[in-house]
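Here's the structure, in structure tokens; my notes come after.
The values are calculated or read from the model by the stated rules, or taken from the named source; none is laboratory data. Quick caveat, the model's predicted, so the values are computed rather than measured. With ideal geometry, Cβ positions are generated from the backbone for all residues, glycine too; neighbour counts draw on all protein chains shown. For the accessible areas, the whole protein counts, side chains as well, though only heavy atoms, and no ligand, DNA or RNA atoms are used. Shrake-Rupley method; radii C 1.70, N 1.55, O 1.52, S 1.80 Å.
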Amino acid sequence: MNVRDIRIGFVPIARPTFDLELARGAAARLVAALQGAGYQLVGSQDLVMDGAAIAGRIAELRASSIDMILVAQASFADSTMILQLARAIDAPLLMWAFPEDQVGGRLRINSFCGINLAAHGLRRAGLAYDAVYAPPDDTEAQAKLRNFASAAAVKSRLRGSRIGRLGENPDGFDTCLVNHEALRARLGVEVLQVGLDGFFERVRQADPAQVSAVADKVSGALAGIDEVDAKAANGTLGAYLTLDALAREEALSGLAVRCWPEFFTDLGCAACGAMSLLSDAMTPCSCEADVNGTITQLILGWISDEPAFGSDIVAFDVDADEATLWHCGLAPLSMADPDAQPEATIHSNRRLPLLMQFPLKPGRVTIARLSEATGDFRLVIGGGEMLKGPPAFTGTSGRIRFDSGAAAVMESLLGEGLEHHVSISYGDHQDVLLSLARMLEIPILQL
């Protein structure tokens, strides 16, 4: 996530009986470090030192759109002002205290004791927070802030986001059940239910010229598209155009699509290629009407600024310490191994196009899943290395070596009864996901 998109409500607090010159200097150095990193700071940078001043700062921040609050404990202060702030504004709170030179003489700012008092008060009040104790330019502290701020921005974006759900999950796929009320209450996510029949009618009325234009564009990246059934392939591309239009009309952040059997039996094509194209354009899509899968992809996409992919784990080789990720052909084309040419193909069981076929590119990946295996939300988090190699199966596949080992992951999947879909994105984003889970007050399962 680009930090330039993150808005931080900045509140430096102090007490006038301490060294205000040193306190102002510490706060100013933190401001310089934040602005140098590119964050948007909201609020006056004047020290806040009493109840009237904190009330004014609360009003200032309430009038603005912020993703998080950063309290700079510029000197000692009791917990009164921070508690007043935390109770008034519902935003993730990070407190930053500063070390001072220990050279004898006066304790000039006593910053750590201030956040210690605040942490105790917040904890007793049941209010969430995180804390940093470091110089303003400390590399590890800045990394912690970056992870916290990214998670806060994701939480902010989730609130009010909408997922389109086309049809219902297939029978026996309890992994794709949706809990509308819990998603709204816990994450702030709304789910729009869309009927398949009306959607299919819109697909059938798709503008042939627009379908042809998409086909021309796709043919430049996808070998063999002229070799699959043209009518069926055009049906998939018409579905892409219709899904894209639906997302824009309804302000949808992502889509969860019942892809079988009706796409094949009623529309005469596969949904996979349409979902691949949308995911590549940062409108994540999950098959089998898997809303939680789409939300997981949405989170990973926002964090990484790259498309995410919802996949099955279909095989384990414990001796080789590898597992195989696979799906029919809906992975975003940007995930293709650069040494392999993506191909147009047909569904392995239903024998209709349009699907994307390629091996996943090698590299570091993060694995995640918003899970309801226990009946309540958990965030499943893991990491691994996607390995270079030939396709394991038709469609989209890749072999992965998990950080915790294939045997341990297989035990977790089966022992915990986790969903059959996991989501991946390239890069290591586990620390941001851990911060996000704490902000959402969702338990974590380390995969």
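Summary of packing: across the peptides 20-27, 207-214, 184-191, the per-residue average of other C-beta atoms within 10 Å ranks them, highest first, as 20-27, 184-191, 207-214. Ranked by the mean number of other Cβ atoms within 10 Å of their residues, highest first, the peptides 136-143, 333-340 fall in the order 333-340, 136-143.
Solvent-accessible surface of the chain, taken per residue with a 1.4 Å probe and all protein chains present: 41 Å². Compared with the alpha-carbon gap, the fully stretched path from Ala320 to Phe393 is longer by 24.5 nm at 0.36 nm per residue.
For Glu100, no residue has an amide H sitting under 5 Å from its own, ignoring neighbours fewer than 5 places away on the same chain, with H placed 1.01 Å from N.
Heavy-atom surface analysis with a 1.4 Å probe gives the chain a carbon and sulfur content of 48 percent of its accessible area. At an R0 of 45 angstrom, the distance between the Cβ atoms of Ala185 and Asp403 translates into a FRET efficiency of 0.85. For Val191, nonlocal amide neighbours, meaning residues 5 or more places apart or on other chains whose placed amide H falls under 5 Å from its own, are Ile163. A simple rule links phi to the HN-Hα coupling: the Karplus curve 6.51 cos²θ - 1.76 cosθ + 1.60 with θ = phi - 60°, which for the range 394-409 gives 5, x, 10, 8, x, 9, 10, 10, 6, 4, 8, x, 4, 5, 5, 5 Hz, with x for Gly and Pro. Lysine pair count for the chain (Cα-Cα distance under 27 Å; residues 8 or more apart in sequence or on different chains): 4. Its relative contact order, with pairs defined as Cα atoms under 8 Å and 6+ residues apart, puts the range 209-357 at 27 percent.
Close amide H contacts of Cys259 (hydrogens built in the peptide plane, cut-off under 5 Å, sequence separation of 5 or more or a different chain): Glu288, Ala289. Residue by residue, the range 295-301 carries 3J(HN,Hα) couplings of 4, 4, 5, 4, 4, 5, x Hz when phi is fed to the Karplus relation 6.51 cos²θ - 1.76 cosθ + 1.60 (θ = phi - 60°); x denotes Gly or Pro.
The relative contact order of the chain comes to 13 percent, based on Cα pairs under 8 Å that sit 6 or more residues apart. When shorter helices are ignored and each DSSP H run of at least 4 residues is given -39500 (n - 2.57), the per-residue value for the chain at 222 nm works out to -11000 deg cm²/dmol. Per-residue 3J(HN,Hα) values for the range 199-209, derived from phi via the Karplus relation 6.51 cos²θ - 1.76 cosθ + 1.60 with θ = phi - 60°, read 5, 4, 5, 5, 4, 5, 9, 4, 5, x, 5 Hz in sequence order (x marks Gly and Pro).
Legend: calculated FRET efficiency, Glu60 to Arg87, from the Cβ-Cβ distance at R0 = 22 Å, rounded to 0.05, equals 0.85.
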